[in-house]
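Written out below as structure tokens is the structure these notes cover.
The values are calculated or read from the model by the stated rules, or taken from the named source; none is laboratory data. All values reported here derive from a predicted model rather than from experimental measurement. Cβ placement follows ideal geometry from the backbone for every residue including glycine, while neighbour counts extend to all protein chains displayed. Just so you know, the surface numbers come from the protein's heavy atoms only, side chains and all, with ligands and any DNA or RNA stripped out. Shrake-Rupley method; radii C 1.70, N 1.55, O 1.52, S 1.80 Å.
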Amino acid sequence: METDCLFCRIVAGDIPATVVRETERTLAFRDIGPKAPVHVLVIPKEHYVDVATLGAGDPALAGEVLATAAVVAEDEGLLGDGFRLMFNTGAYGSQEVFHVHAHLLGGAPLGPMLAG
Ligand code: AMP
């Protein structure tokens with residue numbers, strides 16, 4: 001655990017979150033500022049800065065993050081109409097929290113992939 005990492009502190013239970021699914025190595029919780037009717041963040045409990053370091057460091061865990069996202073998508077009723085799953089990464093990706101997280105977005109048409 002990184003003590004100065006927001007999402008590590010959520011994993012530790014120091015900061016509250018609305019958890020929708022938990023597995024041994026992953027956690028899914030609602031985004032505090034939802035950008036769609038369904039907006040869930042899916043993270044590995046272990047600290048990795050971004051999807052590149054996670055994918056290189058522990059590909060099996062990266063797969064578990066995707067598997068958790070898929071179960072949450074089904075639980076949230078997103079499979080029929082579809083959804084978006086994305087990892088903002090680094091400065092150009094506008095990443096704000098440096099503990100890798102997948103944004104699971106759905107529940108309404110999401111529009112074009114990029115604004116502008
Ligand atoms: P990113 O820009 O990809 O790093 O996204 C970070 C996300 O974390 C944003 O969508 C925030 O709304 C979300 N967020 C920040 N703090 C919290 C929190 N305490 N609980 C849940 N989501 C959060």
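Worth a mention:
- Normalised contact order of the chain, rounded percent, pairs of Cα under 8 Å and 6 or more residues apart: 30 percent
- Rounded to whole Hz, the Karplus (6.51, -1.76, 1.60) HN-Hα couplings of the stretch 21-37, x for glycine and proline: 7, 9, 10, 4, 10, 9, 9, 10, 8, 6, 5, 6, x, x, 9, 7, x
- Backbone amide hydrogens, once placed in the peptide plane, bring residue 20 within less than 5 Å of 28, 29, 30, excluding anything fewer than 5 places away on its chain.
- Paramagnetic reach from residue 89 (point 7 Å along Cα→Cβ, amide N under 20 Å) across the stretch 67-83: 67-70
- Packing order of peptides 52-62, 100-110, highest average first: 100-110, 52-62 (average count of other Cβ atoms within 10 Å over each peptide's residues).
- Using R0 = 35 Å, the C-beta based FRET efficiency linking residue 58 and residue 35 works out to 0.80.
- Electrostatic bookkeeping for residue 107 treats Lys and Arg as +1 and Asp and Glu as -1; over the other residues with beta carbon under 14 Å from its beta carbon, the sum is -2.
- Each other residue within a Cβ distance under 12 Å of residue 37 adds +1 if Lys or Arg and -1 if Asp or Glu, for a net charge of -1.
- For trypsin sites (Lys or Arg not before Pro), the sites in the stretch 26-115 that DSSP calls loop and that have at most 12 other Cβ atoms within 10 Å are 35.
- Across the options 20, 55, 104, the greatest Cα extent toward the positive end of the charge dipole of the chain (unit charges at beta carbon of Lys, Arg, Asp, Glu) belongs to 104.
- Taking all C-alpha pairs of the stretch 1-44, those more than 15 Å from each other amount to 40 percent.
- Rolling a 1.4 Å probe over the protein heavy atoms of the stretch 47-92, with every protein chain left in place, gives an accessible area that is 59 percent carbon and sulfur.
- Remark: the stretch 73-86, residue by residue, has Karplus-estimated 3J(HN,Hα) of 4, 5, 4, 8, x, 9, 5, x, 8, x, 6, 10, 10, 9 Hz, where x stands for each Gly or Pro and the curve is 6.51 cos²θ - 1.76 cosθ + 1.60 at θ = phi - 60°.
- The dipole here belongs to the chain: it is taken about the Cα centre, uses +1 on the Cβ of Lys and Arg and -1 on the Cβ of Asp and Glu, and is about 240 debye.
- Local electrostatic count, residue 64, Cβ distance below 13 Å [Lys/Arg +1, Asp/Glu -1]: -1
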